[in-house]
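K.L.:
First, the structure itself, so that you have it in front of you.
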Amino acid sequence: MHRRTLLLLVVAGILAGQGRQIVVISHRGEHLHHPENTMPAFRAAVEAGADYIEVDVRTTSDGKLVLMHNDTVDARTDGKGAVKDMTFEQIRALDAGIKSGAEFAGTKVPTFDEALAFARGKIDVYVDTKRASAADIVAALERHDMQDHAVIYGGFEYLAQVAALRPKMKVMPESVSVAVIKKLIAELKPQVIAFGARDFTDEIIALAREARAGIYVDRLGKEDTPEMWLDAVQRGATGIQTDKPGELVQFLRSRGLHK
């Protein structure tokens, strides 16, 4: 066995013995086999045993919060146009499932409220705010009593607005660099910090640990493999965002790292 692989396996065994649990975040729901950011994808994420669904929130021209990753509806629906320029009625008329297969034809673009209503009591929500006000996001979470079951991802100014409205909500900034993370920790005092592949460095991880913040790292695309999951665990991740929630849950459970 490769020496590095053996070392990682030993470390994982030690962590399992300590009772550590790793949070599994299902990126855009279970979207490899379901249309992303839709109710079928969210139901599949729950069935897979994930702890969070990640949702991308945008605002329609008439002020409704809907779920869509891209600026436009072009890639994921049978329509065309920017979300910000379309009314909720126009977006609701679109088919958000047909491009994922005939079995999903007729799937609608969900509202943020619908996703929260579904998630309550089943799974937590990782809110990636693409275009929405802090006040609207906070109000929706509180409306569904999900304020204690969500992390809110976004830029510094936006998260500062969220924190000013509700200091106890879990804001989750991106670590970016040593200089940025020091500023974020000092001014936002986040309970959770997000990491991508580029900023998941030992120096920045150490600063997050020192601040007693959760460490949620993306393992997407080429990084979404058992070896990279194990590397994330070994280096201190407390949560992993994945496109393969079912596989990651089973991987972690086999090592005592997930219930």
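Each value in this text was obtained by applying a stated rule to the coordinates, not by laboratory testing. This one's a predicted model, so the numbers in the text were calculated from it and none came from an experiment. Because the Cβ atoms are built from the backbone with ideal geometry, glycine has one as well, and the counts that use them run over all protein chains shown.
K.L.:
Using the beta-carbon distance between R212 and D145 and R0 = 30 Å, what value does 1/(1 + (r/R0)^6) give for FRET efficiency, to the nearest 0.05?
P.N.:
Numbers: r = 26 Å, r/R0 = 0.87.
E(calc), rounded to 0.05, equals 0.70.
K.L.:
Mind checking the alpha-carbon convex hull of region 54-155 and giving the volume per residue in Å³? Walk me through the numbers before you get to the answer.
P.N.:
On the way: hull volume 9.9 nm³, N = 102.
Dividing the Cα hull volume of region 54-155 by its residues yields 97 Å³.
K.L.:
Normalized C-alpha radius of gyration of region 161-217, against 2.2 N^0.38 Å? Show your work: numbers first, answer last.
P.N.:
On the way: Rg = 10.6 Å, N = 57, 2.2 N^0.38 = 10.2 Å.
Working it through for region 161-217, the quotient is 1.04.
K.L.:
Could you check the simple spin-label distance between K222 and L165, using points 7 Å along Cα→Cβ, in nm with one decimal?
P.N.:
3.9 nm
K.L.:
With a length cut of 18 Å (Cα positions projected on each helix's long axis) and a Kyte-Doolittle mean of at least 0.5, go through the chain and give me the DSSP H helices that pass. Each step should come with its number before you reach the end.
P.N.:
On the way: long enough: 3-17 (21 Å, 1.67).
Correct list, ordered by number: 3-17.
K.L.:
State to the nearest 20 debye the size of the charge dipole of region 136-237 about its Cα centre, where the only charges are +1 on K and R beta carbons and -1 on D and E beta carbons. Walk me through the intermediate numbers first.
P.N.:
Values: 13 positive and 16 negative charges, 62 e Å.
Here region 136-237 has a charge dipole of around 300 debye.
K.L.:
In a Debye calculation with equal point scatterers on the alpha-carbon sites of region 156-259 and no solvent, what is log10 I(q)/I(0) at q = 0.10 Å⁻¹?
P.N.:
Log-scaled intensity ratios, in q order: -0.29.
K.L.:
If you don't mind, another one. In straight Cα distance, which lysines are under 21 Å from K189, not counting same-chain residues fewer than 8 positions off?
P.N.:
K168, K170
K.L.:
Tell me, in nm to one decimal, what length is gained between D74 and E89 on full extension, where the rule is 0.36 nm per residue of separation less the Cα-Cα distance?
P.N.:
Details: separation 15, 0.36 × 15 = 5.40 nm, distance 1.64 nm.
In short, 3.8 nm is gained.
K.L.:
I would also like to ask the following. Restricting to DSSP H runs of at least four residues, report the calculated mean residue ellipticity at 222 nm for the chain, -39500 (n - 2.57) per run over all residues, nearest 500 deg cm²/dmol. Mind dumping the intermediate values first?
P.N.:
On the way: 10 runs with 96 residues, N = 259.
After summing the helix terms and dividing by residue count, I get -10500 deg cm²/dmol.
K.L.:
Ok, one more. On alpha-carbon atoms, Rg over Rh for region 71-125 using Kirkwood Rh?
P.N.:
Checking Rg against Rh, the ratio lands at 1.02.
K.L.:
Rounded to the nearest 5, what % of DSSP beta bridges with both residues in the chain are antiparallel? List each step's numbers first, then the result.
P.N.:
Numbers: 5 of 34 bridges.
Antiparallel bridges: around 15 percent, rounded to the nearest 5.
K.L.:
Taking the highest mean first, how do the peptides 126-137, 235-246 order by number of other beta carbon atoms within 10 angstrom per residue? Intermediate values should be presented prior to the final figure.
P.N.:
On the way: 126-137: 20.2, 235-246: 22.6.
Order by mean packing, descending: 235-246, 126-137.
K.L.:
Obtain the nm distance between the two label points defined at E103 and D136 by a simple spin-label model: each point lies 7 Å from its Cα along the Cα-to-C-beta direction.
P.N.:
The answer from the label model is 3.4 nm.
K.L.:
Taking K244 as the anchor, which aspartates and glutamates have their alpha carbon closer than 15 Å to its alpha carbon, excluding any fewer than eight residues away along the same chain?
P.N.:
Of all the aspartates and glutamates, those that pass the test against K244 - Cα under 15 Å, at least 8 places apart if same chain - are E30, E36, E47, D51, E54, D218, E223, D224, E227.
K.L.:
Quote the charge dipole size of region 54-155 about the Cα centre in Debye, to the nearest 20; the model charges only the Cβ of Lys and Arg (+1) and of Asp and Glu (-1). Please report the intermediate quantities before stating the final value.
P.N.:
Details: 13 positive and 18 negative charges, 33 e Å.
Dipole size: approximately 160 debye.
K.L.:
Which residue, chosen from T72, A139, V151, occupies the Cα position most advanced towards the positive end of the dipole of region 54-155, where the dipole is computed from +1 (Lys, Arg) and -1 (Asp, Glu) charges on Cβ about the Cα centre?
P.N.:
Farthest towards the positive pole: T72.
K.L.:
Starting with the fewest neighbours, write out D85, D51 ranked by other beta-carbon atoms found within 10 Å of each beta-carbon.
P.N.:
Working: D85 11, D51 21.
By the 10 Å Cβ count, ascending: D85, D51.
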